[in-house]
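Input: a single structure, listed below in structure tokens.
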Amino acid sequence: MNTKLNFKALPAVFLLPATAFASTSTAELYSNIFRDAYFWLFLLVAVLLLLAYYSVKRAFDTIAAVMNPKTASADSLEATEVEEEEKESAFMRWYKGFAGLKPMAKEKDMLLDHDYDGIMELDNALPPWWLYGFYVTIAIAVGYLLHYHVLGTGKLQMDEYRAEIQRAEVEVAAYFEKLGGMVDENNVTLVEDAGRLANGKTIYQNNCVACHAADGGGGVGPNLADEYWIHGGSINDIFRIIKYGATDKGMIAWKDILGPQDMQDVASYVMSFQGNEPANPKEPQGEKM
Ligand code: HEC
């Protein structure tokens with residue numbers, strides 16, 4: 001009976017973690033590998049696999065020994081085992097104790113007293129790799145619960161999602177800042193930044209008050225504070241009418257006078273009139289939005 005570890009398989013098993021880094025350059029690999037959580041995870045899996053392999057192999061060896069007529073009798077089994085035990089390494093002795101493995105000759109003591117048509121059951125200890133793996137999952141579950149649901153130190157999926165969206169929004173804003181000249185009626189967004197709204201107000205006061213009144217109440221031009229719009233009430237619609245105007249109706253096209261970002265600022269300022277009560281409101285024009 002061969003219960004010794006097959007160390008030929010060992011190097012292959014310990015190479016397993018390397019598969020996590022298949023696409024990394026060698027220099028990077030060695031500088032980062034021990035800091036990477038995946039390395040340790042794969043290593044753990046490799047060790048567990050090795051233990052699982054050993055347990056299964058031992059079970060097969062045992063079955064093979066029982067089936068073998070030369071070693072099948074209890075006496076000769078005991079003899080072989082005693083002989084083997086003498087040859088055993090300190091590690092194997094420790095492992096057998098750790099795993100709760102009993103010598104085959106003692107199998108009689110482990111027999112449970114059921115007998116189903118000659119099929120008997122042994123009260124074997126659980127394989128340690130399984131048992132301790134199970135304990136580890138319990139410990140992880142407790143840690144997980146505390147970390148995410150009790151102490152709140154961990155970010156739940158929803159928070160992670162929001163944080164990511166926030167980060168992306170900042171990036172998008174920075175991107176548009178850089179490409180300020182590229183704001184157009186399709187990608188324009190409502191500006192909420194106080195500084196830019198102040199800029200919109202200044203532009204409005206310098207260019208638009210004559211026809212739309214300082215409070216947006218209207219005059220030559222329509223009321224901008226009500227919910228009625230001739231050209232649409234979204235930020236895109238307002239940007240479009242400011243940019244291209246309605247020259248035949250008296251609204252100037254501002255695209256050659258104001259830059260894209262200034263038009264965005266004044267359009268956002270115009271939207272801030274919504275809900276105001278102008279002093280002399282012009283009667284509604286267009287459709288309610
Ligand atoms: C010379 C007068 C005049 C000036 C100056 C003027 N507008 Fe107008 N504006 C109009 C008129 C007239 C209309 C209505 C066009 C129509 O009936 O299609 C209009 C329409 C609009 C509309 C669309 C309203 C709706 O109901 O759809 C917006 C928004 C607007 N103007 C914003 C501005 C802004 C912002 C400025 C300053 C940068 C400005 N206007 C300057 C005359 C003016």
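Taken together, the values in this text are just the output of simple stated rules run on the coordinates, not laboratory data. The shown structure was predicted, so the numbers you read here are calculated from the model rather than taken from an experiment. Cβ placement follows ideal geometry from the backbone for every residue including glycine, while neighbour counts extend to all protein chains displayed.
Each of Ser268, Ser89, Ser234 has some number of other Cβ atoms within 10 Å of its Cβ, and from fewest to most they run Ser89, Ser234, Ser268. Note on Ala246 and Glu277: the model spin-label points, each 7 Å out from Cα along the C-beta direction, lie 2.8 nm apart. For the peptides 113-125, 94-106, the ranking by mean Cβ contacts within 10 Å, running from highest to lowest, is 94-106, 113-125.
Note on region 176-289: with charges restricted to the Cβ of Lys and Arg (+1) and Asp and Glu (-1), its dipole about the Cα centre is near 200 debye.
Would you kindly give the portion of the calculated P(r) for region 182-288 that falls above 17 Å, as a percent of all Cα pairs? Of all Cα-Cα distances in region 182-288, 48 percent exceed 17 Å.
Sorting the segments 205-213, 164-172 by their residues' average number of neighbouring beta-carbon atoms within 10 angstrom, most packed first, yields 205-213, 164-172. Exposure proxy shown here: for Met182, Met263, the number of other Cβ atoms within 10 Å sets the order, fewest to most, as Met182, Met263.
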